[in-house]
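Engineer: One structure is given below, represented as structure tokens, and several questions about it will come after.
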């Protein structure tokens, strides 16, 4: 191995997580390096080549490195992750190495974490319903196999709890045995890591999935590798093993902040709010790894969790995530204040591919009509609530009073399901109970057979 290595001691500087090396003309972009010191070894990757200077991102951080005590060896290789069925049930760090220091007993292959470029012509359109067990998602903002649908969350909202609930409950109806979850935690605390690990172990989800954990104390550079490691593992199980893989990544804001830190160390011109100008393309390189391929059974579905600083949906990370992906699930502070869990604002949420995974043979006949009726009725109830503040109850018509009662019932009976899992049939039943409060003439989108069910519920009440 040493015969193929090239080394240098020409360290020109250290800035943040970056080590700058001169005389690196023969280095390749993305190449692995080993940094040897008198105190041990560290690893890194060539991040940038500018003339005779190489910028190397050090995975373990640069703290304690002395330029006069470093020898940098170029390894003629790239960052790879070991893949195999043995990964099932494993907890890995951001580089794909098992936490605890134990090496994988066996593996099938090593592949670069950047993944293999896919021919767009080979992509199959997203299809088939992914059931999360959360009524406000399954019935109103349905996730489709191969879709990427982010969750936008303000500070203090239960994004972690919802992410854990989705991991515990999600499956593809009709094919539960070939469903697998890859959970990527980016920049989380030790307490959060324990919460996720305990939650998945109790439910058994960990034993049928892979957990990639990057802690807040780990290097910013490793934070950039974690989602790519998780997605590479997902591609192996999806396209080599035929699994329907759900990738949950939290929190993408931490990833982008690490990207900003590295960009600042490289002295790049900042863009919006200090983030690099290539933020869009970098996020797209992650999100666009979701999908299905023609002729292959597997699929990759993504649910990235994105924090909104100051509840600002115009924040660059939030804005670009919504633009690249196929909709969004938005958590609402007002619903949380009213004790609703999960506090999903269905009026601000959207699944652009919903129609591809619902209807007869997938969920139930008339799914689209029921969803449209719930959206319209709940939107009207919110309008009436605002009107009530101006005119009082005395100024409202009988129909408007019905909508007030519907809004309260919809939040209580449908949105506020707690941490229990509801099948699509149970979600429909909860929607029917809420809709039964409205008179028939207001339910103009509901199919005739379902109207009879609503009338029966109304009589039993």
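The values are calculated or read from the model by the stated rules, or taken from the named source; none is laboratory data. From a predicted model like this one, the values you see are computed outputs, not experimental measurements. Because the Cβ atoms are built from the backbone with ideal geometry, glycine has one as well, and the counts that use them run over all protein chains shown.
Engineer: Name every residue in segment 91-107 that is touching a helix residue (DSSP H, G or I) at 6+ places or on another chain (Cβ under 9 Å), in contact (Cβ under 8 Å) with a residue 60 or more places away in the chain and part of a loop (DSSP other than H, G, I, E, B), in order of residue number.
Structural biologist: Scanning segment 91-107 gives 93, 94, 95, 96.
Engineer: Determine whether segment 318-330 contains at least one residue that is farther than 23 Å from residue 410 by Cα and not in a helix (DSSP H, G or I). Give the steps one after another, and end with the answer.
Structural biologist: Narrowing segment 318-330 to residues farther than 23 Å from residue 410 by Cα: 318-326.
Now narrow it down to the ones that are not in a helix (DSSP H, G or I): 325-326.
So far as segment 318-330 goes, yes, one or more of its residues are farther than 23 Å from residue 410 by Cα and not in a helix (DSSP H, G or I).
Engineer: Within segment 361-382, identify whether any single residue is outside the structural domain of residue 408 (by TED's automatic domain parsing) and loosely packed, with under 13 Cβ neighbours inside 10 Å, and answer yes or no.
Structural biologist: Taking every residue of segment 361-382 in turn, at least one turns out to be outside the structural domain of residue 408 (by TED's automatic domain parsing) and loosely packed, with under 13 Cβ neighbours inside 10 Å.
Engineer: Within segment 58-78, is even one residue in a helix (DSSP H, G or I) and in the same structural domain as residue 213 (by TED's automatic domain parsing)? Working first, answer last.
Structural biologist: The initial filter retains those residues of segment 58-78 that are in a helix (DSSP H, G or I), namely 67-69.
Filter once more, keeping what is in the same structural domain as residue 213 (by TED's automatic domain parsing): none.
No, because not a single residue in segment 58-78 is in a helix (DSSP H, G or I) and in the same structural domain as residue 213 (by TED's automatic domain parsing).
Engineer: Tell me, which residue of segment 187-196 that is under 17 Å from the mean Cα position of the chain (by Cα) and within 15 Å of residue 99 (Cβ to Cβ) is surrounded by the most Cβ atoms within 10 Å (Cβ to Cβ)? Talk me through it step by step, then tell me what you get.
Structural biologist: Going residue by residue through segment 187-196, those that are under 17 Å from the mean Cα position of the chain (by Cα) are 187-188, 192-193, 196.
Then drop every residue that is not within 15 Å of residue 99 (Cβ to Cβ), which leaves 188, 192-193, 196.
Working: 188: 20, 192: 17, 193: 18, 196: 23.
For segment 187-196, the residue satisfying everything is 196.
Engineer: Among the listed residues 258, 264, 238, which satisfies the condition of being under 14 Å from residue 224 (Cα atoms), at pLDDT below 95 and not in a strand (DSSP E or B)? Even if it seems obvious, please write down each step before you answer.
Structural biologist: Numbers: 264 fails: under 14 Å from residue 224 (Cα atoms); 238 fails: under 14 Å from residue 224 (Cα atoms).
Residue meeting the stated conditions: 258.
Engineer: Within segment 345-354, does at least one residue satisfy the condition of being more than 25 Å from residue 407 (Cα to Cα) and touching a residue at least 40 places away in the same chain (Cβ under 8 Å)?
Structural biologist: The initial filter retains those residues of segment 345-354 that are more than 25 Å from residue 407 (Cα to Cα), namely 353.
With the extra rule that they be touching a residue at least 40 places away in the same chain (Cβ under 8 Å), the set shrinks to 353.
Scanning segment 345-354, I find at least one residue that is more than 25 Å from residue 407 (Cα to Cα) and touching a residue at least 40 places away in the same chain (Cβ under 8 Å), so the answer is yes.
Engineer: Look at segment 152-169 and say how many of its residues are buried (at least 22 other Cβ atoms within 10 Å of the Cβ), more than 17 Å from residue 349 (Cβ to Cβ) and touching a residue at least 60 places away in the same chain (Cβ under 8 Å).
Structural biologist: The qualifying residues number 1.
Engineer: Residues in segment 355-379 that are part of a helix (DSSP H, G or I), more than 20 Å from residue 416 (Cβ to Cβ) and out of contact with any strand residue (DSSP E or B) (no Cβ under 7 Å at 6 or more places or on another chain): how many? Lay out the reasoning, then the answer.
Structural biologist: Taking segment 355-379 as the starting set, the residues that turn out to be part of a helix (DSSP H, G or I) are 355-356, 367-379.
From what is left, the residues that are more than 20 Å from residue 416 (Cβ to Cβ) are 355-356, 367-369, 372, 376.
Then keep just the ones that are out of contact with any strand residue (DSSP E or B) (no Cβ under 7 Å at 6 or more places or on another chain); that gives 355, 367-369, 372, 376.
The total comes to 6.
Engineer: Additional query: Would you pick out the residues in segment 396-427 that are at negative phi and within 23 Å of the chain's Cα centre (by Cα)? If you could, list the steps in order and put the result at the bottom.
Structural biologist: We begin by selecting, within segment 396-427, every residue at negative phi; these are 396-417, 419-427.
Within segment 396-427, 415, 416, 417, 419, 420, 421, 422, 423, 424 meet the criteria.
Engineer: A follow-up question, please. Name the one entry in 25, 82, 42 that is over 30 Å from residue 300 (Cα atoms), modelled with pLDDT of 80 or more and either outside the structural domain of residue 251 (by TED's automatic domain parsing) or assigned to a strand (DSSP E or B) (or both).
Structural biologist: Working: 25 fails: modelled with pLDDT of 80 or more; 82 fails: over 30 Å from residue 300 (Cα atoms).
Going through 25, 82, 42 in turn, just one is over 30 Å from residue 300 (Cα atoms), modelled with pLDDT of 80 or more and either outside the structural domain of residue 251 (by TED's automatic domain parsing) or assigned to a strand (DSSP E or B) (or both): 42.
Engineer: Take segment 121-153 and flag every residue that is touching a helix residue (DSSP H, G or I) at 6+ places or on another chain (Cβ under 8 Å) and either outside the structural domain of residue 166 (by TED's automatic domain parsing) or assigned to a loop (DSSP other than H, G, I, E, B) (or both).
Structural biologist: 125, 126, 132, 133, 134, 139, 140, 141, 142, 150
Engineer: Would you call residue 414 touching a residue at least 60 places away in the same chain (Cβ under 8 Å), closer than 19 Å to residue 439 by Cα and part of a helix (DSSP H, G or I)? Before you say what the answer is, go through the steps one by one.
Structural biologist: Details: touching a residue at least 60 places away in the same chain (Cβ under 8 Å): yes; closer than 19 Å to residue 439 by Cα: yes; part of a helix (DSSP H, G or I): yes.
The answer is yes for residue 414.
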